[in-house]
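Participant: Sharing a structure here in structure tokens format.
The values are calculated or read from the model by the stated rules, or taken from the named source; none is laboratory data. Note that this is a predicted model, so its numbers are computed, not measured. Don't worry about glycine lacking a Cβ; one is built from the backbone with ideal geometry, like all the others, and counts go over all protein chains shown. Side chains included, ligands, DNA and RNA excluded: accessible areas come from the protein's heavy atoms. Shrake-Rupley method; radii C 1.70, N 1.55, O 1.52, S 1.80 Å.
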Amino acid sequence: MKKICVLGSTGSIGVNTLQVIDEFPGEFEVVGLTVNNNITLLEKQIEKYHPKMVVVRDSRKARDLKKKMGNRCEVLTGDEGLIEITKNLDYDILLSSLVGFAGLSPTIEGIKRNKRIALANKETLVAAGQIIEQLMKKHDAEIIPVDSEHSAIFQCLVGEKNDEILKLILTASGGPFLSKSLDEFNKITVEQALAHPNWKMGNKITIDSATMMNKGLEVIEAHWLFNLPPEKIDVIVHPQSIIHSFVEFIDGSIKAQLSLPDMKLPIQYALSYPHRFDSNFVETKLHEIQNLSFQQPDLNKFRCLQLAYDALDLGGNAACALNAANEIAVNNFLERKISFDRIPDLIEEALNKAEHVSDPDLETIFETDRQTRLLVQNILN
Ligand code: MG
């Protein structure tokens, strides 16, 4: 049985992961779970899976849970707890699905221990891609992407040679505002932005999908995962979200991976790879879908996507600054403190003002993250 530690077990990816695990009794054992503060759901998960260790980031809620659990399971708290569980618990696969920059340090602990990382936390690669790449080489660890686009590319590349790739083509749904005109962007409400047409996801990634920053982050993620320059990574809008991405090869041949959109599929692949397990989470009837359409992304309307390419071109700590600025901007939008169209303005201003370091070490990455958050908050105050 493969032992699995799920970082972010009450989030959308975490809950889907546990459903995948339920489907294969005898294959997987849940040994660790972590949550921010949803202990109601965590308690149910503990009851069902009997993990050895859990982390509740909120210290007061962790104390409450600790009292209830007694010695049934070890309860840790805070960022230190996330480090301890990834550093000391006995597991084979680390399902990394924390939201945002918070996922970086615990993911690094898993890499250092040469574990399989099923990576759903794209911000780890966005903020510290270069460092993660070096650590992966040093520790011979394995990252299997959970992000649907990167899982698609990963699947298309099985048996292929890197130098025979012409380009990767990431598909984007275009989000809820694909056909909205730019001059209406300042009136977009939180509710409208949270209503994604195809995918049901957490709030942060849903807003990122509405601005198309999610695709920008995915371009950067693909750059590090597949070791290809930005000019070989394209984005195409595909509103049906059936084709999860393409790879075009030097002979003109294009491979794609298709299915109805369901995160359980890429999650299952990241757990079962190099095998495929028999399951029926999705059944894709192409004759019912009939139409697959494609269009170029509008970079004037979705400036966040362009800003991500800009950050990748700048290199160094620029993508870390981009990510931090985006996290603060999205939070402020969700708290109804700024309008939707200010999100790219804030990110652009932060990218221009953040101190550039071309070859950052991990300490510089943490400092860039901290400083950029302050910078954006100061612009807003
Ligand atoms: Mg994705």
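Participant: Would you check which residues across the stretch 208-243 are over 22 Å from Gln295 (Cβ atoms), more than 14 Å from the ligand (Cβ to nearest atom) and either in contact with a Pro (Cβ under 7 Å, 6 or more places away or on another chain) or in a helix (DSSP H, G or I) (or both) and list them?
Facilitator: At the first step, the residues of the stretch 208-243 found to be over 22 Å from Gln295 (Cβ atoms) are 220-221, 223-229.
Keeping just the survivors that are more than 14 Å from the ligand (Cβ to nearest atom) gives 223-224, 226-229.
Answer for the stretch 208-243, where residues must be over 22 Å from Gln295 (Cβ atoms), more than 14 Å from the ligand (Cβ to nearest atom) and either in contact with a Pro (Cβ under 7 Å, 6 or more places away or on another chain) or in a helix (DSSP H, G or I) (or both): His223, Trp224, Phe226.
Participant: Within the set of pairs 6+ apart or on separate chains, which have a first residue in the stretch 313-333 that is closer than 17 Å to Thr189 by Cα, a second that is outside any helix (DSSP H, G or I) and open to solvent by less than 10 Å² (accessible area, probe 1.4 Å), and C-beta atoms under 8 Å apart?
Facilitator: Pairs found: Phe333/Phe340.
Participant: Please verify whether Asn300 is open to solvent by less than 10 Å² (accessible area, probe 1.4 Å) and polar (S, T, N, Q), treating the condition exactly as stated. Break it down into steps so the answer makes sense when it comes.
Facilitator: Working: open to solvent by less than 10 Å² (accessible area, probe 1.4 Å): no; polar (S, T, N, Q): yes.
No: the conditions fail for Asn300.
Participant: Mind telling me which of the residues Leu312, Leu346, Leu334, Leu322 ends up being more than 20 Å from Val99 (Cβ to Cβ) and among the aliphatic types (A, V, I, L, M)?
Facilitator: Step by step, each of Leu312, Leu346, Leu334, Leu322 is checked, and only Leu312 is more than 20 Å from Val99 (Cβ to Cβ) and among the aliphatic types (A, V, I, L, M).
Participant: Just to be sure before I move on: is Ile205 within 16 Å of the ligand (Cβ to nearest atom), open to solvent by 20 Å² or more (accessible area, probe 1.4 Å) and in a strand (DSSP E or B) in the structure I sent?
Facilitator: Working: within 16 Å of the ligand (Cβ to nearest atom): yes; open to solvent by 20 Å² or more (accessible area, probe 1.4 Å): yes; in a strand (DSSP E or B): no.
No.
Participant: Inside the stretch 356-381, can you point out the residues that are of a type in the set (A, V, I, L, M, F, W, C) and over 25 Å from Ile338 (Cβ atoms)?
Facilitator: The initial filter retains those residues of the stretch 356-381 that are of a type in the set (A, V, I, L, M, F, W, C), namely 357, 362, 365-366, 374-376, 379-380.
Correct list: Val357, Leu362, Ile365, Phe366.
Participant: To continue, here is another question. Pull out all pairs, ordered by first then second residue, where Cβ-Cβ is under 7 Å, the residues are six or more apart or on different chains, the first lies in the stretch 143-161 and is β-branched (Val, Ile, Thr), and the second is within 11 Å of the ligand (Cβ to nearest atom).
Facilitator: Sorted first by the residue in the stretch 143-161, then by its partner, the pairs are Val146/Ile13; Val146/Ala120; Val146/Pro266; Ile153/Ala222; Ile153/Ser245.
Participant: Do you know which of the residues in the stretch 131-149 that are in a helix (DSSP H, G or I) and of a type in the set (Asp, Glu) is nearest to the ligand (Cβ to nearest atom)?
Facilitator: First pass over the stretch 131-149, keeping only residues in a helix (DSSP H, G or I): 131-139, 148-149.
Next, only the ones that are of a type in the set (Asp, Glu) stay: 133, 149.
Values: Glu133: 20, Glu149: 5 Å.
Looking at the filtered set, the residue picked out is Glu149.
Participant: What is the residue count in the stretch 76-97 for residues that are in contact with a helix residue (DSSP H, G or I) (Cβ under 7 Å, 6 or more places away or on another chain) and closer than 19 Å to Lys3 by Cβ?
Facilitator: 10
Participant: Only one residue in Lys167, Lys115, Lys137, Lys180 is farther than 28 Å from Asp369 by Cβ, out of contact with any helix residue (DSSP H, G or I) (no Cβ under 8 Å at 6 or more places or on another chain), open to solvent by 20 Å² or more (accessible area, probe 1.4 Å) and not polar (S, T, N, Q), so which one is that? It would help to see each step written out before you state the result.
Facilitator: Values: Lys167 fails: out of contact with any helix residue (DSSP H, G or I) (no Cβ under 8 Å at 6 or more places or on another chain); Lys115 fails: farther than 28 Å from Asp369 by Cβ; Lys137 fails: farther than 28 Å from Asp369 by Cβ.
Criteria check complete, one pass: Lys180.
Participant: Return the residues of the stretch 349-372 that are open to solvent by less than 70 Å² (accessible area, probe 1.4 Å), closer than 18 Å to Phe101 by Cα and charged (D, E, K, R); say none if nothing qualifies.
Facilitator: At the first step, the residues of the stretch 349-372 found to be open to solvent by less than 70 Å² (accessible area, probe 1.4 Å) are 349-351, 354, 357, 360, 362, 364-369, 372.
Filter once more, keeping what is closer than 18 Å to Phe101 by Cα: 350-351, 354, 360, 362, 364-369, 372.
The answer is Glu367, Asp369.
Participant: Mind listing whichever residues of the stretch 278-317 are basic (Lys, Arg), under 18 Å from Asn214 (Cβ atoms) and in a loop (DSSP other than H, G, I, E, B)? Give the derivation first.
Facilitator: First, the residues of the stretch 278-317 that are basic (Lys, Arg): 285, 301, 303.
Then drop every residue that is not under 18 Å from Asn214 (Cβ atoms), which leaves 301, 303.
Answer for the stretch 278-317, where residues must be basic (Lys, Arg), under 18 Å from Asn214 (Cβ atoms) and in a loop (DSSP other than H, G, I, E, B): just Lys301.
Participant: Give the stretch 232-260 a look and list any residue that's within 18 Å of Asp313 (Cβ to Cβ) and either free of Cβ contacts under 8 Å to residues at least 12 places away in the same chain or within 20 Å of the chain's Cα centre (by Cα) (or both), or say none.
Facilitator: Here is the first cut: in the stretch 232-260, the ones within 18 Å of Asp313 (Cβ to Cβ) are 232-235.
Correct list: Ile233, Asp234, Val235.
Participant: Then there's this: Among (1) surrounded by 15 or more Cβ atoms within 10 Å (Cβ to Cβ); (2) within 25 Å of Gln257 (Cα to Cα); (3) among the hydrophobic types (A, V, I, L, M, F, W, C), there is one condition Val158 misses while meeting the rest; what is its number?
Facilitator: Of the numbered conditions (1) surrounded by 15 or more Cβ atoms within 10 Å (Cβ to Cβ); (2) within 25 Å of Gln257 (Cα to Cα); (3) among the hydrophobic types (A, V, I, L, M, F, W, C), the odd one out for Val158 is (1).
Participant: If only one of Ala128, Ala152 is at pLDDT 95 or above, part of a helix (DSSP H, G or I), closer than 18 Å to Pro297 by Cβ and not basic (Lys, Arg), which one is it? Steps first, answer last, please.
Facilitator: On the way: Ala128 fails: closer than 18 Å to Pro297 by Cβ.
So the residue among Ala128, Ala152 that is at pLDDT 95 or above, part of a helix (DSSP H, G or I), closer than 18 Å to Pro297 by Cβ and not basic (Lys, Arg) is Ala152.
Participant: Looking at (1) in a helix (DSSP H, G or I); (2) open to solvent by 60 Å² or more (accessible area, probe 1.4 Å); (3) over 30 Å from His238 (Cβ atoms); (4) not β-branched (Val, Ile, Thr), which is the only condition Leu375 fails?
Facilitator: Of the numbered conditions (1) in a helix (DSSP H, G or I); (2) open to solvent by 60 Å² or more (accessible area, probe 1.4 Å); (3) over 30 Å from His238 (Cβ atoms); (4) not β-branched (Val, Ile, Thr), the odd one out for Leu375 is (2).
Participant: Could you list, in sequence order, all residues of the stretch 5-20 that are of a type in the set (A, V, I, L, M, F, W, C) and either open to solvent by less than 10 Å² (accessible area, probe 1.4 Å) or closer than 19 Å to Leu89 by Cα (or both)?
Facilitator: If the condition is that a residue be of a type in the set (A, V, I, L, M, F, W, C) and either open to solvent by less than 10 Å² (accessible area, probe 1.4 Å) or closer than 19 Å to Leu89 by Cα (or both), then Cys5, Val6, Leu7, Leu18, Val20 are the ones that fit.
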